[in-house]
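Student: Please see the structure below; I have some questions.
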Amino acid sequence: NKKAFVELLFWKSPAAVCEMTKGYSSLQEGEGTTRSRVPPWTPQEEQELRELYWKYKEAEGGDIIAAILAHLPTPGRTRRQVVKQLVRM
């Protein structure tokens with residue numbers, strides 16, 4: 001590709017770099033950015049998160065997020081996902 005140098009001017013994700021080096025449309029279904037998507041929060045999970053936040057908000061000297069993660073019924077959520085969801089809510 002003679003115009004690939006123009007693409008180097010912009011930030012790329014690892015999936016885009018792989019696509020550039022191996023040829024466009026080389027990514028298979030389920031690879032790259034689609035694989036790393038975080039499952040959305042359901043309304044029930046949001047309600048549980050809200051209740052846990054209000055329960056542990058007043059804890060003295062404790063880590064609120066760690067307490068929420070320990071009591072969150074849905075396993076597999078990371079600390080970062082919980083913090084982002086709390087900020088969004």
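Student: Of everything in segment 52-66, what is over 20 Å from the mean Cα position of the chain (by Cα) and assigned to a helix (DSSP H, G or I)? Give them in sequence order.
Tutor: Filtering segment 52-66 down to residues over 20 Å from the mean Cα position of the chain (by Cα) leaves 52, 54-63.
Correct list: Leu52, Trp54, Lys55, Tyr56.
Student: Sort out which residues of segment 43-80 are of a type in the set (S, T, N, Q) and modelled with pLDDT of 90 or more, and write them in order of number.
Tutor: Gln44, Gln47
Student: So which residues in segment 11-42 are part of a loop (DSSP other than H, G, I, E, B) and at pLDDT 80 or above? Walk me through how you get there before you give the answer.
Tutor: Residues of segment 11-42 that are part of a loop (DSSP other than H, G, I, E, B), as a first pass: 11-13, 23-31, 35-42.
Hits for segment 11-42 are Ser13, Pro39, Pro40, Trp41, Thr42.
Student: Go through segment 42-84 and report how many residues are open to solvent by less than 100 Å² (accessible area, probe 1.4 Å), among the basic types (Lys, Arg) and in contact with a Leu (Cβ under 9 Å, 6 or more places away or on another chain).
Tutor: Residues flagged as open to solvent by less than 100 Å² (accessible area, probe 1.4 Å), among the basic types (Lys, Arg) and in contact with a Leu (Cβ under 9 Å, 6 or more places away or on another chain) within segment 42-84 amount to 2.
The values are calculated or read from the model by the stated rules, or taken from the named source; none is laboratory data. Keep in mind it's a predicted model, so treat the numbers as computed, not measured. Note that each Cβ is placed from the backbone with ideal geometry, even for glycine, and that neighbours are counted across all protein chains shown. Quick note on the areas: whole protein, heavy atoms, side chains included, nothing else; ligands and nucleic acids left out. Shrake-Rupley method; radii C 1.70, N 1.55, O 1.52, S 1.80 Å.
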